[in-house]
Amino acid sequence: MDIKHIQLKSCGDERGSLIALEEKSNIPFEIKRVYYMFKTGEDVRRGFHAHKTLKQVAIAVRGSCKFLLDDGTEQITVTLDHPAQGLLIESFMWREMFDFSPDCVLMVLADQLYDEADYVRNYDQFIAQVQSGE
């Protein structure tokens, strides 16, 4: 499985740092939706779904968390722990987020608005769709 990290350019000086997120530049798609998670318990797992067409970039703007990514044939665990690194999550990729640090703020940029019909929330159904090529 080819996991794509996006290195984000950090600009700054003694006053602090700044990272600009620009669609179709350092974010490889048009940004239609942004959301973030915080105050997630360390023992909580989130996600448990894939998207049929949606693409996302996840950035731990504070703290850290882990992603389990699964393309139906291989699983890999990725740690996000730096605000200048994004994780590109392609469509039809099962994801679970876990091991959140107490201070974690996880921001996600998406190329589509929320659409419940785009979700695959059952892992067995996800695997069946991968195997059938749907």
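Select, from Phe92, Phe67, the only residue that is of a type outside the set (A, V, I, L, M), under 10 Å from the mean Cα position of the chain (by Cα) and under 27 Å from Ala117 (Cα atoms). Break it down into steps so the answer makes sense when it comes.
On the way: Phe92 fails: under 10 Å from the mean Cα position of the chain (by Cα).
Exactly one of Phe92, Phe67 is of a type outside the set (A, V, I, L, M), under 10 Å from the mean Cα position of the chain (by Cα) and under 27 Å from Ala117 (Cα atoms), namely Phe67.
The residue pairs whose first member lies in region 107-122 and is over 19 Å from Ile59 (Cβ atoms), whose second member is outside any loop (DSSP other than H, G, I, E, B) and at pLDDT below 95, and whose beta carbons are closer than 8 Å, counting only pairs six or more residues apart or on different chains, are Val120/Gln129.
Take the conditions among the aromatic types (Phe, Trp, Tyr) and either touching a Ser or Thr at 6+ places or on another chain (Cβ under 9 Å) or closer than 14 Å to Ile3 by Cβ (or both) and apply them to Phe48. Does it pass? Working first, answer last.
Working: among the aromatic types (Phe, Trp, Tyr): yes; either touching a Ser or Thr at 6+ places or on another chain (Cβ under 9 Å) or closer than 14 Å to Ile3 by Cβ (or both): no.
In short, no.
Scanning region 54-71 for residues that are within 17 Å of Lys4 (Cα to Cα) and not in a strand (DSSP E or B) yields a total of 3. Scanning region 3-28 for residues that are assigned to a strand (DSSP E or B) and among the aliphatic types (A, V, I, L, M), which turns out farthest from Phe92 (Cα to Cα)? Only one residue fits best here, namely Leu18.
The values are calculated or read from the model by the stated rules, or taken from the named source; none is laboratory data. None of these values were measured; they are calculated from a predicted model. Positions of Cβ are backbone-derived with ideal geometry, glycine not excepted, and every protein chain shown enters the neighbour counts.
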